[in-house]
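Report on the structure given below.
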Amino acid sequence: MEKKDLDWGSLGFAYQKTDYRFVANFKDGKWDDGELTTDNNVVINECAGVLQYAQTCFEGLKAYTTEKGDIVVFRPDLNASRMADSCRRMEMPVYPEDKFIEAVEKVVKANAAWVPPFGSGASLYLRPYMFATNAVIGVKPATEYQFRILATPVGPYFKGGVKPLTLRVCDFDRAAPCGTGHIKAGLNYAMSLHAIVTAHDEGYDENMYLDAKTRTKVEETGGANFLFVTKDGKVVTPKSSTILPSITRRSLMYVAKEYLGLEAEEREIPFTEVKDMAECGLCGTAAVISPVGKIVDHGNEICLPSGMTEMGPVTKKLYDTLTGIQMGRIEAPEGWIRVIK
Ligand SMILES: *Cc1c(COP(=O)(O)O)cnc(C)c1O
């Protein structure tokens, strides 16, 4: 198979139409078989539930080429089960988890020419999503839905080297107690746009959200979980019912314990503790870990000892080990790497 003629290394994170996407429809209480299509447009009723009441959720994962030349995806079973959780909370029909993984495989296989070669640092980003398609005007769950997976090639995250981020402690809330912070709903992102636009206007890269109830505990950013390293070398991550359970963060906590022999703990993290941390990073599929160099709380600057030019040493080890596992240089735990044949 001949690869597309793209300058893989200079791709950004932007939508580009690829050859195939997967589409399945839910109607009369059941999912159809679904199929691949070349049509990248969606035509739905003007009164569709997704347009009126934002009944939609999504996932994100990557396909890439390993050192050995295999095309693989990382832990798609966790995306399948997280999407099922999102659907249940949004009163949407679950797309069966085994079918989800099959659909991921179909889309990657059909777009194999778009999967960047090993060493380019690029990957094929996959976006599974579901939305309510039939007309609803009275507030209630729709009865018809569409599940799709689109694929788009994206470039290496750390182009031109790693640059630690500067965050601000945000005055807006991301997620209400007992709300939807723990699921991957589009609505969580719609209401975060004002916060991120104003953060950028003020010169910050990202927002650090605190828990909405007490405004004393660290939650996450708009789209990534926190990992901290304490001065005595422990890896800690916030425990909260209102953060999104990042697959990257869960994988890194496992790597910290089982591969690096570090103590790793999920617990509440009071914001007052952050000034005593040695390292801080943001975890998500896009970057794996982006180091944080500085956190500004209404004029008070917390400068992480790891500085503004590189990843801290523990963050770097975590990053190298997980990317090593993903790329097939380091043996993966059972079931983490799914080869697309
Ligand atoms: C998707 C997402 C993450 C990162 O999750 P990964 O599974 O690691 O990509 C973190 N926080 C939020 C709010 C998200 O939507």
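The values are calculated or read from the model by the stated rules, or taken from the named source; none is laboratory data. Since we're looking at a predicted model, the values are computed, not measured. Quick reminder, even Gly has a Cβ in these numbers, built from the backbone with ideal geometry, and neighbours come from all protein chains shown. Remember, those area values only see protein heavy atoms, side chains included, never the ligands or the DNA or RNA. Shrake-Rupley method; radii C 1.70, N 1.55, O 1.52, S 1.80 Å.
On average, how much area does the Cα convex hull of the chain cover when viewed from any direction, in nm²?
That works out to 17.5 nm², a quarter of the Cα hull's surface.
Compute the projected area of the convex hull of the Cα atoms of region 112-213, averaged over all viewing directions, and report it in nm² to one decimal place.
That works out to 10.2 nm².
Suppose each label sits 7 Å from its Cα in the direction of the beta carbon; what would the LYS68-VAL339 distance come out to in nanometres?
The answer from the label model is 0.4 nm.
Using Cα centres only, tell me the gap between region 102-143 and region 192-226 in whole Å.
What the calculation gives is 27 Å, centre to centre.
What number, rounded to the nearest 500 deg cm²/dmol, is the helix-based mean residue ellipticity at 222 nm of the chain, given -39500 (n - 2.57) per DSSP H run of at least four residues and division by all its residues?
Mean residue ellipticity, 222 nm, calculated: -6000 deg cm²/dmol.
What does the convex hull of the Cα atoms of region 165-326 come to per residue, in Å³, rounded to a whole number?
With only Cα atoms used, region 165-326 gives 104 Å³ per residue.
Let me check against my output: what whole-number percent is the relative contact order of region 8-154, with C-alpha pairs under 8 Å and at least 6 apart?
Result for region 8-154 is 38 percent.
In units of 2.2 N^0.38 Å, what is the alpha-carbon radius of gyration of region 44-169?
Dividing the Cα radius of gyration by 2.2 N^0.38 Å gives 1.26.
In Å, what Rg and Dmax follow from the Cα atoms of region 182-262?
Just the Cα atoms of region 182-262 yield Rg and Dmax of 14.3, 41 Å.
Tell me, what is the 1.4 Å probe accessible area of TYR254, in Å² to the nearest 10?
It works out to around 90 Å².
For ALA113 and THR323, what does the FRET efficiency come to when R0 = 22 Å and r is the distance between their Cβ atoms, rounded to the nearest 0.05?
After rounding to 0.05, the efficiency reads 0.35.
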